[in-house]
Amino acid sequence: MSYPGYPPQSGGYPPQQGGYPPQQGGYPPQQGGYPPQQGGYPPAAGGYPPAAGGYPPAAGGYPPQAGGYPPQAGGYPPQAGAGGYPPQAGGYPPAAGGYPQAAGGFPPQSGGYPAPAGGFPPQAGGYQAQSGAGGYPSQPPAAGGWGAAPGGHGAPGGAPQGYPGGSAPGQPMPSYPGGPATNPSMPGYGSGVPANPQAPAIPKGFRGSIKDFPGADPLRDVEVLRKAMKGFGTDENAIIELLGTRSNKQRVPMVAAYKTTYGKDLVHDLKSELTGNFEKLVLAMIKSPSHFDAAELREAIKGAGTDEACLIEILSSRSNNEIREITRIYKDQYGKSLEDAISSDTSGHFRRLLVSLSQGNRDERETVDIALAKQDAQKLYSAGENKVGTDESQFNAILCARSKPHLRAVFQEYQQMCGRDIEKSICREMSGNVESGMVAVVKCIKHTPAYFAERLHKAMQGAGTKDTTLIRIMVSRSEVDMLDIRQAYVQTYGKSLYTHISGDTSGDYKKLLLKLCGGSD
């Protein structure tokens with residue numbers, strides 16, 4: 001729903017019947033609306049809308065009479081260089097017949113105030129606040145200002161009410177907190193994006209290296225695969241090009257599409273055509289993330305000796321829902337619960353740590369209670385550094401149950417409390433698998449990309465490459481945080497992940513790994 005005449009009916013601006021000036025309840029709003037009370041903008045008599053002639057103004061209506069609008073020097077619009085309104089390139093360009101400043105004032109050209117083609121809202125990239133003091137928008141909202149009353153003009157970024165996609169009239173608008181008042185006598189325009197937003201941190205968006213391929217069709221894709229494998233020899237480059245440009249949810253349906261089209265099993269055909277690590281990597285890429293994780297856990301448990309680091313890596317970095325899905329698939333595929341498999345293959349406090357993590361029951365709230373964080377830090381200190389022996393179960397309780405943002409606060413409090421990093425304390429207090437397990441959980445929670453960067457570096461360092469680890473991390477993180485892992489890798493080791501993979505692997509295996517890596521830094 002929109003306000004009377006807002007957005008305008010086809011035919012641009014001014015709108016038709018019910019348009020502007022609006023009927024009762026329209027614009028200007030009633031008491032508390034615009035113009036604001038004492039301290040308004042500008043406060044001189046004449047106010048807004050200006051003298052008789054309404055809006056669009058009759059000849060002589062705009063610029064208004066003495067005392068009207070535009071205001072005196074320093075007012076609105078700001079002077080050149082203030083970074084105000086009209087915005088610079090990329091802002092809100094006036095179209096022919098729009099609102100350019102004509103010599104001798106501000107009269108609109110014939111035809112009033114038509115919006116640029118496509119009407120209002122502005123085109124992409126429009127309406128964006130420039131930096132610069134006193135610009136538009138940058139003042140904080142004042143009572144009765146524009147954006148304070150329901151139905152006002154929201155902060156650029158939140159959809160203004162009454163536009164398509166806007167919040168329902170009368171509902172509070174999503175708005176940024178106001179910036180510091182540069183001129184308290186002026187009311188806010190929206191409120192702009194403050195220099196130091198107090199809003200909660202916004203997720204950085206997609207940080208993976210592999211994105212959905214536009215218009216991908218599994219039936220067409222399997223034709224490419226079939227052609228690459230049919231006849232004498234295999235066209236590995238076609239396989240690399242195809243799989244390296246499809247996201248996981250575009251690769252997984254290829255298995256069913258292949259069987260539907262050719263009556264053959266894709267996994268079986270790939271195994272018969274490919275070999276070595278390249279084969280392992282390709283097969284890993286056509287599994288769903290949870291199926292792949294379940295298979296990796298199975299390998300880590302049933303192989304000669306247990307790959308404890310793999311168990312910890314998967315269980316400490318996945319979300320509750322992912323862990324529950326992994327345990328469900330594990331039971332279906334292997335006829336035994338993941339918990340039983342872990343219990344029969346590990347022992348002591350390390351077993352307890354893995355069983356706790358495999359419940360998929362960690363608190364996932366984003367809020368942090370600092371008082372509780374201090375309390376938990378004190379408990380960890382009392383369970384380790386501050387007593388003879390170590391109470392591992394206290395570490396287990398806090399590290400496996402508390403939310404990740406909360407634990408980051410706990411680690412900070414711990415550092416301040418005893419002047420030692422929590423990882424160092426664990427290394428001093430524990431040993432063996434339980435030590436490496438707890439340290440890995442701490443690292444993964446503290447900064448997940450740095451943890452994976454370290455895992456990748458260890459997999460490629462020294463004689464021989466731990467290809468299972470390399471494949472698992474490259475496949476499982478390529479659509480999660482590969483860009484952050486690459487950044488952490490360069491910062492920690494001084495060379496890019498891309499360069500290290502190039503130097504450490506070869507052939508088709510290398511080409512496909514580099515596709516997953518996505519580029520050099």
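Ordered by 1.4 Å accessible area with all protein chains kept, VAL439, VAL480, VAL267 run largest first as VAL480, VAL267, VAL439. A simple spin-label model places the labels of GLU299 and PHE206 2.7 nm from each other, with each point 7 Å out along Cα-to-Cβ. Taking all protein chains into account, the per residue accessible area for the stretch 248-337 stands at 46 Å² (1.4 Å probe). Under the combined filter of DSSP loop state and at most 13 neighbouring Cβ atoms within 10 Å, the stretch 359-408 retains these trypsin sites (Lys or Arg not before Pro): ARG365, LYS387.
Report the Cα centroid-to-centroid distance between the stretch 291-358 and the stretch 248-278 in angstrom, as an integer. Their Cα centres are 26 Å away from one another.
Ligands, DNA and RNA left out, the 1.4 Å accessible surface of the stretch 453-497 is 49% carbon and sulfur atoms. Placing a pseudo-label 7 Å from each Cα along the Cα-to-Cβ vector at ASP391 and ALA371 gives an inter-label distance of 2.2 nm.
Ranking THR327, SER316, LEU274 by Cα position along the charge dipole of the stretch 258-335, where only Lys, Arg, Asp and Glu carry charges on their C-beta atoms, puts THR327 farthest toward the positive end.
At the residue level, ILE301 shows approximately 20 square angstrom of accessible surface with a 1.4 angstrom probe and all protein chains present.
First check a/c for the stretch 344-407, with a ≥ b ≥ c the square roots of the eigenvalues of its C-alpha gyration tensor; if it is under 1.5, answer rounded, and if not, answer prolate when a/b is larger than b/c or oblate otherwise. In terms of gyration-tensor shape, oblate.
Pairs of Lys residues in the stretch 295-451 are counted when their Cα atoms are under 14 angstrom apart and they lie 8 or more places apart or on different chains; the count is 6. Taking 0.36 nm per residue of separation and subtracting the Cα-Cα distance, full extension of the segment from THR261 to SER337 would add 23.9 nm. For the stretch 258-398, the fraction of 1.4 Å probe accessible surface lying on carbon and sulfur atoms is 45 percent.
Using a probe of 1.4 Å on the protein chains alone, the accessible area found for LEU283 is around 20 Å². Taking HIS447, HIS349, HIS406 and ordering them by how much accessible surface each has at a 1.4 Å probe, largest first, produces HIS447, HIS349, HIS406. Under the 0.36 nm per residue contour assumption, what length would be gained going from the current alpha-carbon distance of LYS271 and TYR493 to full extension? Residue separation times 0.36 nm, minus the Cα-Cα distance, leaves 76.4 nm. Which of rounded, prolate, oblate describes the stretch 219-331, given a ≥ b ≥ c as roots of the alpha-carbon gyration tensor eigenvalues and a/c under 1.5 marking rounded, otherwise prolate only if a/b is larger than b/c? Prolate.
The values are calculated or read from the model by the stated rules, or taken from the named source; none is laboratory data. Everything numeric in this text was worked out from a predicted model, so none of it was measured. Please note: Cβ atoms are built from the backbone with ideal geometry, for glycine as well, and neighbour counts cover all protein chains shown. Side chains included, ligands, DNA and RNA excluded: accessible areas come from the protein's heavy atoms. Shrake-Rupley method; radii C 1.70, N 1.55, O 1.52, S 1.80 Å.
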